[in-house]
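Questions regarding the structure given below will be posed in turn.
What follows draws every value from the coordinates through simple rules; no lab data is involved. Keep in mind that what you see is a predicted model, and the values were worked out from it rather than measured. Note that we place each Cβ from the backbone using ideal geometry, even for glycine, and neighbour counts take in every protein chain shown.
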2 protein chains.
Amino acid sequence: MANIREIAGLAGVSVSTVSRVLNNHPYVRDEKRQAVHQAMERLDYHRNLPAIHLSKGTTNLLGVVLPSIEIPYFGNIVEGIAEEGLKHDLQLVLIQTNYNVEKELEALELLRGSLIDGLIFTSRAASLKIIKEYNPHGPIILCEDSDQTDLPSVSIPHEKAFMDGLDYLLTKGHTKIACTLGRKQGTNSHKRIKAYQTIMDKINQPVREQWIFDKCLTIEDGIHLTENWCRMTERPTAFLVTNDQVAAGMVLTAKEKGIHMPEELAILSFDNQQIAKAMHISTIDIPIKQMGKKAVQFIQNTEKRSKVSLPFQLIERATV
Amino acid sequence: MANIREIAGLAGVSVSTVSRVLNNHPYVRDEKRQAVHQAMERLDYHRNLPAIHLSKGTTNLLGVVLPSIEIPYFGNIVEGIAEEGLKHDLQLVLIQTNYNVEKELEALELLRGSLIDGLIFTSRAASLKIIKEYNPHGPIILCEDSDQTDLPSVSIPHEKAFMDGLDYLLTKGHTKIACTLGRKQGTNSHKRIKAYQTIMDKINQPVREQWIFDKCLTIEDGIHLTENWCRMTERPTAFLVTNDQVAAGMVLTAKEKGIHMPEELAILSFDNQQIAKAMHISTIDIPIKQMGKKAVQFIQNTEKRSKVSLPFQLIERATV
DNA sequence: TTGTACGCGTTATCAC
DNA sequence: GTGATAACGCGTACAA
């Protein structure tokens, strides 16, 4: 692989001149520029990225931490990140964690090691304290409804959204309401639980721990949930669930079992993916892709990083 | 940021010794090793990745080209790649292309620029000729049913699988069979079309161009397809479709319209995702994740790279 | 077992 | 406009 020095030699100029034409600097006589181009052509020259990265101290690489790429919610965020990243000429380094703190630390080490210029957490398991320690090495953005402001964050107001969802179920006559979460320990889930407790208090209903279902993320989970529901002695009449996938699983199974929806069992979910529309599932729309885009914008704008809350919207369909 | 030289100075050793403890080389006296560790601790030393990459000429970074992360098929491949990559300490650089050749070229340039050690195409739009030109710069793996063997490839035998699917529909009494493709220009789609022509010839049916539906990938596409089907003057009685998403959209809409399945309309799809099981969609299982894993193994094994065909399996359910 | 010196390929500074 | 030359931070022959 030819390097910049060989080009300089062949073109009869200095390495600095070669570097100049490489980076489209002005102040290079046209003849020399031509000569350099010819030399590059002849030797099939192409720049070495790690060398540039070392020299410049930046890489145009953006790290993205996500638990699993197969959960549409995260896939959508990444899509948004990719789309916006494209505009800023950023490549994406994906770190799949399965909520493993060790893996998240690896991602943070990539930041400290200057391999990536910034890092976006679509979700996290590591503590804020630890993550903040890495902030000096580059911008870190959280995709969660965070209370702190040291680290910029992008999210919908989850507590408000969950309360709105519950209120909607209330107006439809439900008081026995259960809910599902993706991961109880998550920040967003905490907000949702809080909202749940608030509303249950308001309507003088006990907070039944067994009505808060953890680790519900997929269609399969939804299927099991409805099966579960059938076997329960005291049954909720409505569910506010993690996402459209869980709702889809629930609805499909409910229909098979001849459960009347929404009379016997009402379901409201989050996200508003294609599947929700196709199955007429009532859901709360989240601008997921937009979150990813905003996160990248935060990476780019050194100045006004902050906590941003995006709007959500309740979509009334047939399952409530 | 402290560098290796400062550590050497503080620890009272040479840079090579520091490098040795950094890389767990033998032949370092314990006292010196301790001293180095202490110095690293005190200065909060951490290695600079681009520098290592430049010096070693490799990065442990693996490029992954994919059209869209939102299509479950590609997400699954990436999942497999990530899982296997983990074992080999590989990080993933994602290049989302939307089948844009320009973007694929960018990915190839990353390979030439030594930013990534290898590249996996989950799908491609660029010509084999162009891609092959980049092979000298690092291993390139294709996730497609390729006829050539210069570039290693991982896939199921698409032609065989499609023929098996069509045969299955035949045994169920269907002769008027339509099919859908993700992208007509794709290698896998070519195989599928070929199989389609072969079988149609065999049963003396014309190959109706309007019964080969292109650009069908999502649930929405499936919905439109069934709506379309209703408006057709001459209707096929069976569809062999791109993937489970398209099938799901078709089935949902068919049920709503009171279309009798599988009598009036039979649907067989590919992939066997969760949604297919949940909706009892007959489908042809593809070991997608396994493909990703195998691709990574090809990247690692310098020697026996080749063309590998993974097994598929027809899953009988309720839509045929 | 340890240290010196050079190479990796590029950018940036400064003098001309 | 142009060219030396010093960084950038690390790995590694080679010598000792």
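Out of A:Ile193, A:Ala278, A:Ala126, whose Cα points farthest toward the positive end of the dipole of chain A (charges: +1 Lys, Arg; -1 Asp, Glu; placed on Cβ)?
Looking along the dipole axis, the top candidate is A:Ala126.
For the range A:194-249, run through the GluC sites (Glu not before Pro) and keep only the ones in DSSP coil with at most 13 other Cβ atoms within 10 Å of their Cβ.
A:Glu234
For the range B:155-202, take N as its residue count and report Rg(C-alpha) divided by 2.2 N^0.38 Å.
1.09
Same structure, new question: List the lysines whose Cα lies under 16 Å from the Cα of B:Lys304, skipping any in the same chain that are fewer than 8 positions away.
Counting by Cα, and skipping residues close in sequence, B:Lys304 has these lysines nearby: B:Lys293, B:Lys294.
Let me ask something additional. Report the rotationally averaged projected area of the range B:149-233 based on its alpha-carbon convex hull, in square nanometres.
6.7 nm²
Okay, helix-only estimate at 222 nm for the protein assembly as shown: each DSSP H run of n ≥ 4 adds -39500 (n - 2.57), divide by all residues, round to 500 deg cm²/dmol; what do you get?
Calculated from helices alone, the mean residue ellipticity at 222 nm is -14000 deg cm²/dmol.
Tell me, what HN-Hα J-couplings in whole Hz come from the Karplus equation 6.51 cos²θ - 1.76 cosθ + 1.60 at θ = phi - 60° for each residue of the range B:142-152, using x for Gly and Pro?
So the Karplus estimates, Gly and Pro as x, are 9, 9, 7, 7, 8, 8, 7, 10, 4, 9, x Hz.
So what's Rg/Rh here for the range B:4-47, counting alpha carbon atoms and using the Kirkwood radius for Rh?
Checking Rg against Rh, the ratio lands at 0.90.
Could you pull out the trypsin sites (Lys or Arg not before Pro) across the range B:1-86 that fall in loop regions by DSSP (anything but H, G, I, E, B) with no more than 14 other Cβ atoms inside 10 Å? Don't skip to the end; give the middle numbers.
Details: sites: B:Arg5, B:Arg20, B:Arg29, B:Lys32, B:Arg33, B:Arg42, B:Arg47, B:Lys56; in loops: B:Arg29, B:Arg47.
Passing both the DSSP loop test and the Cβ count: B:Arg29.
Kindly rank B:146-155, A:248-257 from highest to lowest mean number of other beta carbons found within 10 Å of each residue.
Highest-to-lowest ranking by the protection proxy: A:248-257, B:146-155.
Name the residues whose placed amide hydrogens come within less than 5 Å of the amide hydrogen of A:Thr283, ignoring near sequence neighbours (fewer than 5 apart) on the same chain.
A:Ser269, A:Ile315, A:Arg317
Suppose every Lys and Arg Cβ carries +1 and every Asp and Glu Cβ carries -1, with no other charges. What dipole size does chain A come out with about its Cα centre, to the nearest 20 debye?
Charge dipole of chain A: 560 debye, to the nearest 20.
Sticking with this one: Percent relative contact order of chain A, based on C-alpha pairs within less than 8 angstrom and at least six residues apart?
Across chain A, relative contact order equals 16 percent.
If the limit is 24 Å between Cα atoms, which of B:Lys191/B:Lys255; B:Lys56/B:Lys87; B:Lys129/B:Lys194; B:Lys160/B:Lys307; A:Lys194/A:Lys307; A:Lys172/A:Lys202 go over it?
Pairs exceeding the cut-off: B:Lys191/B:Lys255.
Can you give the charge dipole size of the range A:9-149 about its Cα centre, rounded to the nearest 20 debye, using +1 on the beta carbon of Lys and Arg and -1 on the beta carbon of Asp and Glu?
In total the dipole reaches around 800 debye.
Sorted from largest down, give the three principal axis spans of the alpha carbons of the protein assembly as shown, whole angstrom values.
77, 71, 50
Provide an ascending nm list, one decimal, of label-point separations from A:Lys176 to the equivalent residue in each further copy; define each label point as 7 Å from Cα along Cα→Cβ.
Going from nearest to farthest copy, the values are 5.0 nm.
Loop only by DSSP, 14 or fewer other Cβ within 10 Å of the Cβ. Give me the trypsin sites (Lys or Arg not before Pro) in the range A:172-202 that pass, ordered by residue number.
Details: sites: A:Lys172, A:Lys176, A:Arg183, A:Lys184, A:Lys191, A:Arg192, A:Lys194, A:Lys202; in loops: A:Lys172, A:Lys176, A:Arg183, A:Lys184.
Counting only loop positions with at most 14 other Cβ atoms within 10 Å, the trypsin sites (Lys or Arg not before Pro) in the range A:172-202 are A:Lys176, A:Lys184.
So what's the Cα pair-distance distribution over chain A, bin width 10 Å, in %?
The percentages, shortest bin first, are 6, 23, 25, 18, 12, 7, 5, 3, 0.
For the range B:158-285, max minus min Cα coordinate along each principal axis, in Å, sorted largest first?
So the extents along the principal axes, rounded to whole Å, are 34, 29, 25.
Using θ = phi - 60° and the Karplus curve 6.51 cos²θ - 1.76 cosθ + 1.60, what whole-Hz ³J(HN,Hα) does each residue of the range A:80-86 get, with Gly and Pro shown as x?
Calculated HN-Hα couplings, in order: x, 4, 4, 4, 6, x, 3 Hz.
Evaluate the range B:67-192: find the radius of gyration of its Cα atoms, find its Kirkwood radius, and give the ratio Rg to Rh. Intermediate values should be presented prior to the final figure.
On the way: Rg = 16.6 Å, Rh = 16.1 Å.
A ratio of 1.03.
Counting other C-beta atoms within 10 Å, which of A:Asp201, A:Asp271, B:Asp30, B:Asp244 has the fewest, and how do the rest follow?
B:Asp30, A:Asp201, A:Asp271, B:Asp244
While we're looking at this one, here's another question. Size of the dipole of the protein assembly as shown about the Cα centre, Lys and Arg at +1 and Asp and Glu at -1 on the beta carbon, nothing else charged, in debye to 20?
Details: 74 positive and 76 negative charges, 181 e Å.
Dipole about the Cα centre, nearest 20: 880 debye.
Debye sum, Cα scatterers, the range B:1-140, no solvent: what log₁₀ I/I(0) at q = 0.22 1/Å?
-1.21
What nm distances, shortest first, do you get from the label point of B:Ser309 to those in the other copies when the point sits 7 angstrom along Cα to Cβ?
Nearest first, the other copies' label points are 5.9 nm away.
Let me ask another. What relative contact order, as a whole-number percentage, does the range B:265-320 give when Cα pairs under 8 Å and 6 or more residues apart are counted?
Numbers: 67 pairs, mean separation 25.7, N = 56.
Computed value for the range B:265-320: 46 percent relative contact order.
Using alpha-carbon positions, what is the distance between the centroids of the range B:64-133 and the range A:141-193, in Å?
About 35 Å separates the Cα centre of the range B:64-133 from the one of the range A:141-193.
Next question, about the same structure. In terms of modelled amide H atoms, which long-range or inter-chain residues lie less than 5 Å from the amide H of B:Gly118?
Counting only residues 5 or more places away or on other chains, the set is B:Gly63.
Work out the charge dipole of the range A:158-285 with +1 on the Cβ of Lys and Arg and -1 on the Cβ of Asp and Glu about the Cα centre, then indicate which of A:Cys216, A:Pro262, A:Gly249 is farthest towards its positive end.
Going by the Cα projections, it comes out as A:Cys216.
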